[in-house]
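Working notes, beginning with the structure itself.
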């Protein structure tokens, strides 16, 4: 019998082993859940955090956007890092950074420290998110298993924001607002411990990392979001809006130009040249515009108009969460291998738009059961059947060396949709409310209804684009005939 007791580093499992694949998926799903829910978990905790740290109303929005901007702006760079150094390594490094930055934000003694922690959370999430999607793409090769895996991922990705609202309300009410951040330390530590043994290993690809392009993408997005946020207090034609908007557009143009000329672009334009993939990205982005706008408007409706507590607000969103999960995993993943993405995404966008359309009828006396609940169910059912097939299309038919960047672009579409969408819809709501003759509550409800109308129109227009853009690609010899690419 051997007496060698020298400790050995854990080895990554064989990805062909079924049990290892599903354990790895559990780690990936937990990582994605943290990425998704941290976009909203702090929302219901903001009033308490504001009282504790003493920052004003103009600063509180940045507690949310510092996270989403860092995540959206650095996702492409994160995807390239995953391709270069390996997806398993990128996932574990991202989890570690997320735990550390969550601890920093949770221990914040002032607004600046909270902002830094939240931005570092977003940067760490930008490492985790593309690694998560690409790990699924390269680990699950069987069409049926792949459909189930993407169904689980889609349910997590599309319900994480609502889960964040519920968990944020629960933690704020019973443990304190700082635990909305500290909880990530505990969860990330467990995911790291399991992930070191469960995540499949894989060598990175020899490719350069274009940091300049990363700076251009992040800066352009930040400038555009700043312009949208400034529109509410200053107006769309003010210098406070036009200057950052021009900076953002010029930065975006410079980014695209650089991608077309550099030998190793951060975002190969060939990825966007694929009609079906580009349409899938658009559908994902616009669906997030609708859902995040709904979260923002209903959060204020619940707490200001109906007088709900943070926990009651989170619970009020629970049916939406259930509808998303049931739709994504119970329906989307089952149909993904049987019907075309076009046949799922187009009607799903219409269903979600119908739910937002119901919310255009909001009034101060509107009941939860008679109006808001049916709207939540329709939006949840629609969004769940948008994400799953769209993500499948976005990551299918791509070279393995570009799997990370394709996955990063899918995640970036979600975050860009959320960041810019919330800013635009909030501006629409504020403008509509300011010109309404009535009480403060009546004006706020009118503004929310107007913003929901704008979101519904955006989803309907995108449904028309999806009907054309997700048409089946011409059949080729040896092509994979699954629902994702039909």
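The values are calculated or read from the model by the stated rules, or taken from the named source; none is laboratory data. Computed from a predicted model, the values in this text were never measured in an experiment. Note: ideal-geometry Cβ built from the backbone for every residue, glycine included; neighbour counts use all protein chains shown.
Points to keep in mind about this one:
- Qualifying residue in the range 430-453 (condition: part of a helix (DSSP H, G or I), under 23 Å from residue 245 (Cβ atoms), within 21 Å of the chain's Cα centre (by Cα) and assigned by TED's automatic domain parsing to the domain that holds residue 40): yes
- Residue check, residue 11 part of a helix (DSSP H, G or I) and either touching a strand residue (DSSP E or B) at 6+ places or on another chain (Cβ under 9 Å) or at pLDDT below 70 (or both): no
- A single entry from 323, 343 fulfils the requirement of being without any contact (Cβ under 8 Å) to a residue 24 or more places away in the chain and either in contact with a helix residue (DSSP H, G or I) (Cβ under 8 Å, 6 or more places away or on another chain) or part of a helix (DSSP H, G or I) (or both): 343.
- Only a single criterion out of (1) modelled with pLDDT of 85 or more; (2) closer than 27 Å to residue 318 by Cβ is not satisfied by residue 366, namely (1).
- Checking 166, 221 one by one, the residue that is under 26 Å from residue 121 (Cβ atoms), assigned by TED's automatic domain parsing to the domain that holds residue 312, assigned to a helix (DSSP H, G or I) and within 23 Å of the chain's Cα centre (by Cα) is 166 and no other.
- Matching residues in the range 245-268 - criterion: being modelled with pLDDT under 85 and in contact with a helix residue (DSSP H, G or I) (Cβ under 6 Å, 6 or more places away or on another chain): 265, 266, 267
- Those residues of the range 264-285 which are without any contact (Cβ under 8 Å) to a residue 12 or more places away in the chain and either crowded, with 17+ Cβ neighbours inside 10 Å or more than 30 Å from residue 353 (Cα to Cα) (or both), in sequence order: 270
- Only one entry in 249, 266, 296 is within 23 Å of the chain's Cα centre (by Cα) and within 29 Å of residue 467 (Cβ to Cβ), namely 296.
- Among the residues of the range 122-131, some residue qualifies, meaning at least one is within 19 Å of the chain's Cα centre (by Cα), surrounded by fewer than 24 Cβ atoms within 10 Å (Cβ to Cβ), at negative phi and assigned by TED's automatic domain parsing to the domain that holds residue 331.
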